[in-house]
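Written out below as C-alpha coordinates is the structure these notes cover.
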Amino acid sequence: GAVVSQHPSWVICKSGTSVKIECRSLDFQATTMFWYRQFPKQSLMLMATSNEGSKATYEQGVEKDKFLINHASLTLSTLTVTSAHPEDSSFYICSARAPGVTAEAFFGQGTRLTVV
Amino acid sequence: DAKTTQPPSMDCAEGRAANLPCNHSTISGNEYVYWYRQIHSQGPQYIIHGLKNNETNEMASLIITEDRKSSTLILPHATLRDTAVYYCIVRVYNQGGKLIFGQGTELSVKP
(Lines give C-alpha, C1' and ligand atoms only; values in the text may rest on other atoms or scores of the structure.)
Protein backbone atom coordinates (compact mmCIF):
# COMPACT_ATOMS: atom_id res chain seq x y z
CA GLY A 1 0.00 0.00 0.00
CA ALA A 2 0.85 3.67 -0.21
CA VAL A 3 3.15 5.20 2.38
CA VAL A 4 2.23 8.02 4.71
CA SER A 5 5.02 9.29 6.93
CA GLN A 6 4.46 11.18 10.14
CA HIS A 7 7.13 13.12 12.03
CA PRO A 8 8.05 13.09 14.81
CA SER A 9 7.05 9.68 16.18
CA TRP A 10 7.06 11.06 19.68
CA VAL A 11 7.60 14.43 21.31
CA ILE A 12 7.74 15.76 24.84
CA CYS A 13 7.13 19.47 25.34
CA LYS A 14 6.63 21.89 28.17
CA SER A 15 3.22 23.25 29.00
CA GLY A 16 2.53 26.48 27.12
CA THR A 17 4.73 25.74 24.14
CA SER A 18 3.62 24.84 20.61
CA VAL A 19 4.33 21.61 18.78
CA LYS A 20 4.21 20.95 15.04
CA ILE A 21 3.53 17.51 13.58
CA GLU A 22 4.16 16.78 9.91
CA CYS A 23 2.32 14.32 7.69
CA ARG A 24 3.66 13.44 4.26
CA SER A 25 2.32 11.21 1.53
CA LEU A 26 5.48 9.72 0.03
CA ASP A 27 4.32 8.08 -3.18
CA PHE A 28 1.03 9.68 -4.09
CA GLN A 29 -0.62 13.08 -4.16
CA ALA A 30 -3.09 13.48 -1.34
CA THR A 31 -5.90 15.85 -2.16
CA THR A 32 -7.42 15.25 1.26
CA MET A 33 -5.77 14.64 4.60
CA PHE A 34 -7.35 13.89 7.94
CA TRP A 35 -6.13 14.37 11.50
CA TYR A 36 -7.19 12.12 14.36
CA ARG A 37 -6.54 11.99 18.07
CA GLN A 38 -6.60 8.86 20.18
CA PHE A 39 -6.59 8.60 23.95
CA PRO A 40 -5.53 5.38 25.71
CA LYS A 41 -7.93 2.48 25.25
CA GLN A 42 -10.21 4.59 23.07
CA SER A 43 -10.97 4.70 19.38
CA LEU A 44 -9.68 7.28 16.93
CA MET A 45 -11.52 10.60 17.02
CA LEU A 46 -11.54 12.67 13.85
CA MET A 47 -10.36 16.21 14.51
CA ALA A 48 -10.38 17.81 11.07
CA THR A 49 -10.33 17.33 7.32
CA SER A 50 -7.95 19.35 5.20
CA ASN A 51 -7.90 19.86 1.47
CA GLU A 52 -4.86 21.17 -0.33
CA GLY A 53 -4.94 24.93 -0.67
CA SER A 54 -8.06 25.52 1.40
CA LYS A 55 -8.98 25.92 5.04
CA ALA A 56 -9.46 22.83 7.15
CA THR A 57 -12.91 21.70 8.24
CA TYR A 58 -12.97 20.97 11.95
CA GLU A 59 -15.23 18.51 13.70
CA GLN A 60 -17.62 19.78 16.31
CA GLY A 61 -15.90 20.52 19.60
CA VAL A 62 -12.38 20.81 18.15
CA GLU A 63 -10.83 24.22 18.70
CA LYS A 64 -9.51 25.48 15.37
CA ASP A 65 -7.38 28.17 17.02
CA LYS A 66 -5.66 25.59 19.19
CA PHE A 67 -5.12 22.94 16.55
CA LEU A 68 -3.80 24.74 13.48
CA ILE A 69 -3.81 22.72 10.29
CA ASN A 70 -1.99 23.67 7.12
CA HIS A 71 -2.20 21.69 3.88
CA ALA A 72 0.13 23.70 1.67
CA SER A 73 0.95 21.03 -0.88
CA LEU A 74 -0.41 17.76 -2.21
CA THR A 75 2.11 15.80 -0.17
CA LEU A 76 2.34 17.68 3.12
CA SER A 77 -0.04 18.63 5.90
CA THR A 78 0.95 19.95 9.32
CA LEU A 79 -0.84 20.03 12.65
CA THR A 80 0.33 22.58 15.20
CA VAL A 81 -0.83 22.20 18.77
CA THR A 82 -0.61 25.72 20.16
CA SER A 83 -0.07 26.52 23.84
CA ALA A 84 -0.10 22.85 24.68
CA HIS A 85 -1.32 21.67 28.07
CA PRO A 86 -1.12 18.27 29.77
CA GLU A 87 -4.67 17.43 28.66
CA ASP A 88 -3.48 17.69 25.04
CA SER A 89 -1.22 14.69 25.63
CA SER A 90 -2.44 12.06 23.21
CA PHE A 91 -1.64 9.96 20.16
CA TYR A 92 -2.11 12.04 17.00
CA ILE A 93 -2.55 10.23 13.70
CA CYS A 94 -2.80 11.60 10.19
CA SER A 95 -4.37 9.99 7.15
CA ALA A 96 -4.04 10.79 3.47
CA ARG A 97 -6.31 9.89 0.61
CA ALA A 98 -5.59 9.98 -3.09
CA PRO A 99 -8.15 11.35 -5.55
CA GLY A 100 -10.97 9.04 -6.54
CA VAL A 101 -14.35 8.20 -5.09
CA THR A 102 -13.32 4.85 -3.68
CA ALA A 103 -9.65 5.54 -3.00
CA GLU A 104 -8.70 4.15 0.37
CA ALA A 105 -7.08 6.29 3.02
CA PHE A 106 -3.64 5.43 4.36
CA PHE A 107 -2.46 6.28 7.82
CA GLY A 108 0.77 7.52 9.29
CA GLN A 109 2.43 5.73 12.17
CA GLY A 110 1.20 8.30 14.67
CA THR A 111 2.84 10.84 16.97
CA ARG A 112 2.84 10.40 20.72
CA LEU A 113 2.63 13.86 22.32
CA THR A 114 3.37 14.25 26.00
CA VAL A 115 2.98 17.69 27.56
CA VAL A 116 4.70 18.12 30.91
CA ASP B 1 -23.87 8.89 8.88
CA ALA B 2 -24.30 5.16 8.75
CA LYS B 3 -23.25 3.65 12.06
CA THR B 4 -21.62 0.30 12.58
CA THR B 5 -21.92 -2.20 15.41
CA GLN B 6 -19.18 -4.71 16.22
CA PRO B 7 -18.60 -7.08 19.12
CA PRO B 8 -16.06 -5.54 21.52
CA SER B 9 -13.80 -8.57 21.58
CA MET B 10 -13.19 -11.99 20.03
CA ASP B 11 -10.72 -14.81 20.42
CA CYS B 12 -9.38 -17.02 17.67
CA ALA B 13 -7.02 -19.99 17.67
CA GLU B 14 -3.85 -19.61 15.65
CA GLY B 15 -4.20 -21.17 12.21
CA ARG B 16 -7.98 -21.03 12.27
CA ALA B 17 -10.18 -18.64 10.32
CA ALA B 18 -11.19 -15.48 12.15
CA ASN B 19 -14.67 -14.23 11.24
CA LEU B 20 -15.35 -10.69 12.38
CA PRO B 21 -18.97 -9.51 12.04
CA CYS B 22 -20.23 -5.97 11.52
CA ASN B 23 -23.75 -4.57 11.40
CA HIS B 24 -24.46 -1.45 9.33
CA SER B 25 -28.24 -1.49 8.93
CA THR B 26 -28.52 2.20 7.98
CA ILE B 27 -26.01 2.07 5.14
CA SER B 28 -26.96 4.00 2.01
CA GLY B 29 -26.89 2.57 -1.49
CA ASN B 30 -23.69 4.31 -2.55
CA GLU B 31 -21.71 3.87 0.66
CA TYR B 32 -18.81 1.46 0.81
CA VAL B 33 -17.78 -0.70 3.75
CA TYR B 34 -14.12 -0.37 4.74
CA TRP B 35 -12.10 -2.48 7.16
CA TYR B 36 -8.98 -1.30 8.94
CA ARG B 37 -6.99 -2.73 11.80
CA GLN B 38 -4.79 -1.12 14.41
CA ILE B 39 -1.98 -2.89 16.15
CA HIS B 40 -1.12 -1.37 19.48
CA SER B 41 0.48 2.10 19.27
CA GLN B 42 0.53 2.16 15.47
CA GLY B 43 -1.54 3.89 12.82
CA PRO B 44 -4.45 1.94 11.33
CA GLN B 45 -3.72 -0.38 8.41
CA TYR B 46 -6.07 -0.68 5.45
CA ILE B 47 -7.39 -4.21 4.91
CA ILE B 48 -10.17 -4.28 2.34
CA HIS B 49 -13.31 -2.51 1.16
CA GLY B 50 -16.44 -3.36 -0.81
CA LEU B 51 -19.80 -2.11 -2.01
CA LYS B 52 -22.07 -5.12 -2.50
CA ASN B 53 -20.03 -7.92 -3.99
CA ASN B 54 -17.75 -10.15 -1.98
CA GLU B 55 -14.12 -9.11 -2.16
CA THR B 56 -10.85 -10.92 -1.56
CA ASN B 57 -7.25 -9.78 -1.43
CA GLU B 58 -4.02 -11.11 -0.03
CA MET B 59 -4.97 -10.17 3.50
CA ALA B 60 -8.61 -11.07 3.87
CA SER B 61 -12.04 -11.70 2.39
CA LEU B 62 -15.07 -9.47 2.81
CA ILE B 63 -18.54 -10.96 2.68
CA ILE B 64 -21.42 -8.47 2.39
CA THR B 65 -25.00 -9.66 2.78
CA GLU B 66 -27.39 -9.17 -0.09
CA ASP B 67 -29.34 -6.48 1.78
CA ARG B 68 -25.98 -4.83 2.67
CA LYS B 69 -27.02 -4.47 6.29
CA SER B 70 -24.12 -6.51 7.58
CA SER B 71 -20.73 -7.83 6.58
CA THR B 72 -18.06 -10.24 7.76
CA LEU B 73 -14.31 -9.89 7.52
CA ILE B 74 -12.56 -13.22 7.22
CA LEU B 75 -8.90 -13.79 8.01
CA PRO B 76 -8.47 -17.29 6.57
CA HIS B 77 -5.52 -18.46 8.67
CA ALA B 78 -5.06 -16.21 11.66
CA THR B 79 -1.56 -15.76 13.08
CA LEU B 80 -0.40 -14.17 16.32
CA ARG B 81 0.51 -11.05 14.33
CA ASP B 82 -3.16 -10.59 13.45
CA THR B 83 -3.90 -9.66 17.06
CA ALA B 84 -5.25 -6.12 16.76
CA VAL B 85 -8.35 -3.95 16.95
CA TYR B 86 -10.41 -4.30 13.77
CA TYR B 87 -12.61 -1.44 12.63
CA CYS B 88 -15.55 -1.70 10.28
CA ILE B 89 -16.35 1.71 8.79
CA VAL B 90 -18.92 3.03 6.36
CA ARG B 91 -17.42 5.64 4.13
CA VAL B 92 -19.07 9.06 4.12
CA TYR B 93 -18.81 10.44 0.59
CA ASN B 94 -20.56 13.73 0.95
CA GLN B 95 -18.13 14.93 3.58
CA GLY B 96 -14.81 14.48 1.86
CA GLY B 97 -14.74 10.73 2.27
CA LYS B 98 -13.79 10.92 5.93
CA LEU B 99 -13.63 7.76 8.00
CA ILE B 100 -15.47 7.77 11.31
CA PHE B 101 -14.15 5.08 13.63
CA GLY B 102 -16.37 3.16 16.01
CA GLN B 103 -15.10 1.10 18.94
CA GLY B 104 -14.01 -1.85 16.81
CA THR B 105 -13.41 -5.48 17.74
CA GLU B 106 -10.33 -6.44 19.71
CA LEU B 107 -9.21 -9.73 18.18
CA SER B 108 -6.89 -11.90 20.22
CA VAL B 109 -5.23 -14.75 18.34
CA LYS B 110 -4.09 -17.41 20.78
CA PRO B 111 -1.53 -20.18 20.24
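The values are calculated or read from the model by the stated rules, or taken from the named source; none is laboratory data. Everything numeric in this text was worked out from a predicted model, so none of it was measured. Positions of Cβ are generated from backbone atoms using ideal geometry, with glycine treated the same way; all protein chains shown enter the neighbour counts.
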Looking only at segment B:1-22, which residues are within 13 Å of B:Ser70 (Cα to Cα) and either buried (at least 16 other Cβ atoms within 10 Å of the Cβ) or among the aliphatic types (A, V, I, L, M) (or both)? B:Ala2, B:Thr4, B:Gln6, B:Leu20, B:Cys22
Qualifying positions in segment A:80-113 - assigned to a strand (DSSP E or B), among the aliphatic types (A, V, I, L, M) and more than 14 Å from chain B (Cβ to nearest Cβ): A:Val81
Segment A:1-40: strands (runs of 3 or more DSSP E) wholly inside it with 2 or more residues that are loosely packed, with under 14 Cβ neighbours inside 10 Å and at pLDDT 95 or above are A:10-13
Which count do you get for residues in segment B:19-55 that are in contact with a His (Cβ under 9 Å, 6 or more places away or on another chain) and in contact (Cβ under 8 Å) with a residue 40 or more places away in the chain? 5
Identity of the residue in segment A:41-79, over 13 Å from the mean Cα position of the chain (by Cα) and assigned to a strand (DSSP E or B), that ends up surrounded by the most Cβ atoms within 10 Å (Cβ to Cβ): A:Ser73
Report, by residue number, each residue of segment A:65-83 that is small (Gly, Ala, Ser) and within 19 Å of A:Val115 (Cβ to Cβ). A:Ser83
The one condition in (1) within 14 Å of chain A (Cβ to nearest Cβ); (2) in a loop (DSSP other than H, G, I, E, B) that B:Leu62 fails to fulfil: (2)
Would a scan of segment B:34-41 turn up a residue that is under 11 Å from B:Arg91 (Cα atoms) and part of a loop (DSSP other than H, G, I, E, B)? no
Which of the following residues is touching a strand residue (DSSP E or B) at 6+ places or on another chain (Cβ under 8 Å), aliphatic (A, V, I, L, M) and within 11 Å of chain A (Cβ to nearest Cβ): B:Ile27, B:Ile39? B:Ile39
In segment A:80-97, is there at least one residue being under 29 Å from B:Thr5 (Cα atoms) and of a type in the set (A, V, I, L, M)? yes
Which one is nearest to the other protein chains (Cβ to nearest Cβ) among residues in segment B:70-111 that are modelled with pLDDT under 95 and assigned to a strand (DSSP E or B)? B:Ile89
With the requirement that a residue be within 13 Å of the chain's Cα centre (by Cα) and surrounded by 17 or more Cβ atoms within 10 Å (Cβ to Cβ), what does segment A:80-96 give you? A:Val81, A:Ser90, A:Phe91, A:Tyr92, A:Ile93, A:Cys94, A:Ser95, A:Ala96
